[in-house]
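Novice: The following block contains the structure, expressed as structure tokens.
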Amino acid sequence: MRWENLASDGGAAAPALFAAGAVTTRTFDTPEFRGITFHEIRARSIVNRVPGASRMPFEWTVNPYRGCTHACVYCFARKTHSYLDLDTGHGFDSQIVVKVNAPELLRRELAAPRWHGEHIAMGTNVDCYQRAEGRYRLMPGILTALTERANPFSILTKGTLILRDLELLRRAADVTDVGVSVSVGFTDDELWRTVEPGTPSPERRLDVVRALSARGLSCGVLMAPVLPFLSDSPERLRATVRAIAAAGASSVTPLVLHLRPGAREWFWAWLGRHHPRLLRRYESLYAGGAYAPTWYQRQVTRQVHEIAAEYGIGPAGRGGHRRVPAPAAGPDEPAPRAAQLTLL
């Protein structure tokens, strides 16, 4: 495994983010972590600049983990494991790099004179609320550091464990702009079990939207990915948007599947096992590269927005994730339970 040449989430270069001597490898013999190896490292940097060629609408990210036990077969971040000479398939799902000093490092970097309080996005590379977070508990320190500096941030997650940190998010929203989005691309349970095997079910994720909204935190849904020929029929799009609206989402934003190198090969193999009849159709649709044709993306986006308008929700926009006043909780109202490790 190559540690010493790793420079950032975007590639390999010098200087390294951490040295080989700073790596501790662990395994845990518990059901939820069986077969998973954790590489604990002390990173040298935690706030990463997004490459200029990226299509992402933000410039800075914080990623306390590399690799993800959610094991989504389409995950675009799979390629980053190749920078460590790790497998982008099963290795991405089971070899997890943990930046154990992420909270203290972030606090230091936010205090540096060169930092000017720009927006920081989290969960955009791998999920910061994947199962490992239940053991390592890096996010409470990260959220506290951001709150201390009133630094705006956003979180995208498929993990129900975010509910554990609900009060920390509420405190942050008192002093800065906080955006929270949950990723729900479809509501078909059979499709979910094969394409996103390590994630909580779509219904559990929509429960997160309900819980956050009930506690005064506006929560949008990134309807991603929309899978061509699998979840893109008018009936399935309507079922998904209807469920998102019923959960109280503040917005819904569709995103069609894109297949970068690393993810493309793994998804192709999955497609061959589960939907071999679709292989040629996918090869034709993605013949031009990682993204589906513009006409197809626009068609899906238009359909989703039209359906969403019927249910009274729209796409995310500027201010779309701003906090809202929390309703008063009754004296006997229980706090939401965080249950990231229960997937059903």
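The values are calculated or read from the model by the stated rules, or taken from the named source; none is laboratory data. These figures come from a predicted structure and were not determined experimentally. Cβ sites come from the backbone with ideal geometry, for glycine too, and all protein chains shown count toward neighbours. When the accessible area is computed, the model is the full protein with side chains, heavy atoms only, and any ligands, DNA or RNA have been set aside. Shrake-Rupley method; radii C 1.70, N 1.55, O 1.52, S 1.80 Å.
Novice: In region 255-287, which residues are outside any helix (DSSP H, G or I) and under 18 Å from the mean Cα position of the chain (by Cα)?
Specialist: LEU255, VAL256, LEU257, HIS258, LEU259, ARG260, GLY262
Novice: Open to solvent by 10 Å² or more (accessible area, probe 1.4 Å), over 12 Å from GLN303 (Cα atoms) and among the small types (Gly, Ala, Ser): is that true of ALA246 in this structure?
Specialist: Yes.
Novice: Take VAL195 and tell me if it is crowded, with 20+ Cβ neighbours inside 10 Å, at negative phi, among the hydrophobic types (A, V, I, L, M, F, W, C) and touching a strand residue (DSSP E or B) at 6+ places or on another chain (Cβ under 8 Å).
Specialist: It is false that VAL195 is crowded, with 20+ Cβ neighbours inside 10 Å, at negative phi, among the hydrophobic types (A, V, I, L, M, F, W, C) and touching a strand residue (DSSP E or B) at 6+ places or on another chain (Cβ under 8 Å).
Novice: Checking ARG114 against (1) touching a helix residue (DSSP H, G or I) at 6+ places or on another chain (Cβ under 9 Å); (2) farther than 26 Å from TYR291 by Cβ, which single condition isn't satisfied?
Specialist: For ARG114, the exception is condition (1).
Novice: Turning to a different aspect of this structure: Please tell me if VAL226 is within 29 Å of ILE36 (Cα to Cα), touching a Gly at 6+ places or on another chain (Cβ under 7 Å), open to solvent by less than 10 Å² (accessible area, probe 1.4 Å) and in contact (Cβ under 8 Å) with a residue 40 or more places away in the chain.
Specialist: yes
Novice: Only residues that are among the small types (Gly, Ala, Ser) and touching a His at 6+ places or on another chain (Cβ under 7 Å): list them for region 182-227, please.
Specialist: Across region 182-227, the qualifying residues are GLY198, SER218, GLY220.
Novice: Can you tell me which residue is nearest to CYS72 (Cα to Cα) among those in region 166-176 that are surrounded by fewer than 21 Cβ atoms within 10 Å (Cβ to Cβ) and touching a helix residue (DSSP H, G or I) at 6+ places or on another chain (Cβ under 9 Å)?
Specialist: LEU166
Novice: Additional query: Kindly provide the set of residues from region 134-165 that are among the polar types (S, T, N, Q) and surrounded by fewer than 24 Cβ atoms within 10 Å (Cβ to Cβ), ordered by number.
Specialist: THR144, THR147, ASN151, SER154
Novice: Related question: Just checking, does region 114-128 include any residue being part of a helix (DSSP H, G or I), within 20 Å of the chain's Cα centre (by Cα) and among the hydroxyl-bearing types (Ser, Thr, Tyr)?
Specialist: no
Novice: Something else: Collect the residues in region 81-124 that are touching a residue at least 60 places away in the same chain (Cβ under 8 Å), open to solvent by 40 Å² or more (accessible area, probe 1.4 Å) and closer than 18 Å to ARG135 by Cβ, keeping them in residue-number order.
Specialist: VAL100
Novice: Same structure, new question: Taking into account only those residues within region 299-323 that are open to solvent by 70 Å² or more (accessible area, probe 1.4 Å) and assigned to a loop (DSSP other than H, G, I, E, B), which is modelled with the highest pLDDT?
Specialist: The qualifying residue modelled with the highest pLDDT is TYR311.
Novice: Tell me, which residue of region 39-62 that is among the hydroxyl-bearing types (Ser, Thr, Tyr) and either in contact with a Ser or Thr (Cβ under 7 Å, 6 or more places away or on another chain) or modelled with pLDDT of 90 or more (or both) is farthest from PRO103 (Cα to Cα)?
Specialist: Top of the filtered list is THR61.
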